[in-house]
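Q: Got a structure for you, questions after.
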Amino acid sequence: MNGIESLPSRLEGVLRLGTSTLAALAEVIGALIIGIAVVRSLASFLAELATARHGGIPNEAIRLTLGRSLTLALEFLLAADILRTAVAPSWQEIGQLGAIVVIRTALNFFLQRELDAAARRDEGPAAESPPPGPKRVTPPIE
């Protein structure tokens, strides 16, 4: 009888180990994405500064590329936080997760909004879509 009663606690232990391992992996991936993005952005920035003839600040593409990488990294870090509280969380862990989710989601939202606005600026007015609404078709003149 004792072995059957401890089965749920053993299963919970295995699940905790599995989710904490996955969470650690997601955190490592997120950190690697940030690290690689920072190094690439710095290299692009320095290369563009060295070759710029007009002496201006390098273009916005570097910042946008870094922003996209940070958005992806935030998703991995958020996944790690969710995994850490997936198995039998306490109310304190649920509250902390809620706060983390709100903060990271807000960061992600505003970062994505900035990326979208910059992409629209890069496309220019020629790439704007036609106004919404039904298309008017005129019948052919006979």
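Q: Consider residue 15 against the criteria (1) over 25 Å from residue 118 (Cα atoms); (2) at pLDDT 90 or above; (3) of a type in the set (A, V, I, L, M, F, W, C): it satisfies all of them except one. Which criterion is unmet?
A: The single condition residue 15 does not satisfy is (2).
Q: Would you please list the contacts, defined by Cβ atoms under 8 Å and residues six or more apart or on different chains, that run from a residue in the range 14-25 that is at negative phi to a residue that is part of a helix (DSSP H, G or I) and of a type outside the set (A, V, I, L, M, F, W, C)?
A: Every condition considered, the pairs that remain are 19/84; 20/84; 23/81; 23/84.
Q: Collect the residues in the range 7-36 that are within 25 Å of the chain's Cα centre (by Cα), farther than 11 Å from residue 76 by Cα and small (Gly, Ala, Ser), keeping them in residue-number order.
A: Residues satisfying the conditions are 18, 20, 35.
Q: Now a separate question. Step by step: first the residues of the range 56-73, then only those that are out of contact with any Ser or Thr (no Cβ under 9 Å at 6 or more places or on another chain) and at pLDDT 90 or above, then the one that is farthest from residue 17 (Cα to Cα). Which residue is that? Can you show your working first?
A: To start, the set of residues in the range 56-73 that are out of contact with any Ser or Thr (no Cβ under 9 Å at 6 or more places or on another chain) comprises 56-57, 59-60, 64, 67-68, 70-73.
If we keep only those that are at pLDDT 90 or above too, we end up with 70, 72-73.
Working: 70: 28, 72: 25, 73: 23 Å.
Per the criteria, the residue is 70.
Q: Starting from the range 103-127, take each residue that is within 13 Å of residue 70 (Cα to Cα) and among the charged types (D, E, K, R) and list its partners that are part of a helix (DSSP H, G or I) and modelled with pLDDT of 85 or more, counting only C-beta distances under 6 angstrom and pairs at least six apart or across chains.
A: Close Cβ pairs satisfying both conditions: 104/74; 104/78.
Q: Between 121, 53, 113, which is modelled with pLDDT of 85 or more and charged (D, E, K, R)? Steps first, please.
A: On the way: 121 fails: modelled with pLDDT of 85 or more; 53 fails: modelled with pLDDT of 85 or more.
113 is the lone residue from the list that is modelled with pLDDT of 85 or more and charged (D, E, K, R).
Q: Continuing with the same structure: If I ask for residues that are under 20 Å from residue 24 (Cβ atoms) and either small (Gly, Ala, Ser) or in contact with a Gly (Cβ under 6 Å, 6 or more places away or on another chain) (or both), which ones from the range 62-78 would you list?
A: Our first condition is that a residue be under 20 Å from residue 24 (Cβ atoms); within the range 62-78, this holds for 72-78.
If the condition is that a residue be under 20 Å from residue 24 (Cβ atoms) and either small (Gly, Ala, Ser) or in contact with a Gly (Cβ under 6 Å, 6 or more places away or on another chain) (or both), then 73, 76, 77 are the ones that fit.
The values are calculated or read from the model by the stated rules, or taken from the named source; none is laboratory data. Not measured: the values here are computed from a predicted model. Ideal geometry is used to build each Cβ from the backbone, glycine not excepted, and the neighbour counts take in all protein chains shown.
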